[in-house]
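Have a look at the structure below before the remarks.
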Amino acid sequence: MITDIDWQLIGISFITVFLAEIGDKSQLAAIALGGSSNNPRAVFIGSTVALILASLLGVLAGGTVAQFLPEKLLKSLAAIGFATMALRILWSEQ
Amino acid sequence: MKTGDRESLKPISQVPVNVQTKQPRNFWLVFTSTFITIFLAEMGDKTQLVTLLMSAESQAPWIVFIGSALALIATSLIGVSIGYWLSKKLAPETLDLSVAIVLLFITAWLISDIINL
């Protein structure tokens with residue numbers, strides 16, 4: 001089985017996801033959080049696990065993930081999360 | 001990337017006890033806040049859709065998953081390394097301010113996503 005792994009497919013999916021991710025929100029978040037927290041390792045592991053879990057759900061659920069996903073709710077929770085982190089940093093300034 | 005933060009650069013014996021004990025709790029605090037926010041932001045997002053479409057169209061979804069997982073590790077490593085490098089270069093106040101601005105920018109980006117959904 002090992003020999004017939006389609007290395008070309010791995011390469012294509014690596015490059016596609018890499019390019020899709022580079023300009024994405026989570027990349028910006030990794031930069032911001034990686035810089036602000038005194039524990040960059042925790043940020044790296046947290047970000048990686050989150051991203052891999054999200055893409056795993058994508059692979060498992062396939063097309064259906066879009067239907068039953070309350071995207072508006074999830075994204076608003078994420079927005080609140082990022083806003084809270086930003087405000088916490090700003091308030092800890094004083 | 002030189003892992004470990006300022007406290008852990010000193011030999012462990014010199015690090016004050018409260019910092020030593022803070023380390024694990026702090027790890028989980030930072031890990032969970034990063035994990036939750038990025039996971040929520042990623043659900044239904046571009047990267048997930050790209051992986052989803054490629055795995056659906058290819059006969060080998062797990063191969064696609066491996067490729068995308070490696071890419072996600074790489075981009076997270078690059079992102080955190082850039083952030084860590086910047087935190088060494090910028091003065092703490094400018095660093096905190098710019099990080100807060102970037103986080104608020106992400107918030108606005110998410111809100112615009114929500115509006116366009």
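The values are calculated or read from the model by the stated rules, or taken from the named source; none is laboratory data. This structure is a prediction, so every number in the text was calculated from the model and none was measured. Because the Cβ atoms are built from the backbone with ideal geometry, glycine has one as well, and the counts that use them run over all protein chains shown.
A few comments on the model shown:
- Members of region B:60-102 found to be more than 7 Å from chain A (Cβ to nearest Cβ) and not in a helix (DSSP H, G or I), listed by number: B:Leu90, B:Ala91
- Selected residue (criterion: surrounded by the fewest Cβ atoms within 10 Å (Cβ to Cβ)) from residues of region B:28-53 that are touching a Gly at 6+ places or on another chain (Cβ under 8 Å) and farther than 20 Å from A:Phe44 by Cα: B:Leu49
- Of the set (1) modelled with pLDDT under 95; (2) within 7 Å of chain B (Cβ to nearest Cβ), all apply to A:Gly46 but (1).
- Test: residue in region A:27-35 that is loosely packed, with under 15 Cβ neighbours inside 10 Å, without any contact (Cβ under 8 Å) to a residue 60 or more places away in the chain and either within 7 Å of chain B (Cβ to nearest Cβ) or in contact with a Leu (Cβ under 9 Å, 6 or more places away or on another chain) (or both): no
- When each of B:Phe35, B:Phe105 is tested for being more than 7 Å from every other protein chain (Cβ to nearest Cβ), in a helix (DSSP H, G or I) and at pLDDT 95 or above, the lone residue that passes is B:Phe105.
Matching residues to (1) of a type in the set (Lys, Arg); (2) touching a residue at least 40 places away in the same chain (Cβ under 8 Å):
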| site | (1), (2) |
| --- | --- |
| A:Arg41 | yes, no |
| A:Ile52 | no, no |
| A:Ala61 | no, no |
| A:Glu71 | no, no |
| A:Ala78 | no, no |
| A:Phe82 | no, yes |
| A:Leu90 | no, no |
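- Summed over region A:36-51, residues that are closer than 18 Å to B:Thr107 by Cβ, in contact with a Leu (Cβ under 8 Å, 6 or more places away or on another chain) and aliphatic (A, V, I, L, M) total 1.
- Unmet requirement for A:Ser76, which otherwise passes all of (1) among the polar types (S, T, N, Q); (2) facing chain B (nearest Cβ under 7 Å); (3) under 24 Å from B:Ile82 (Cα atoms): (3)
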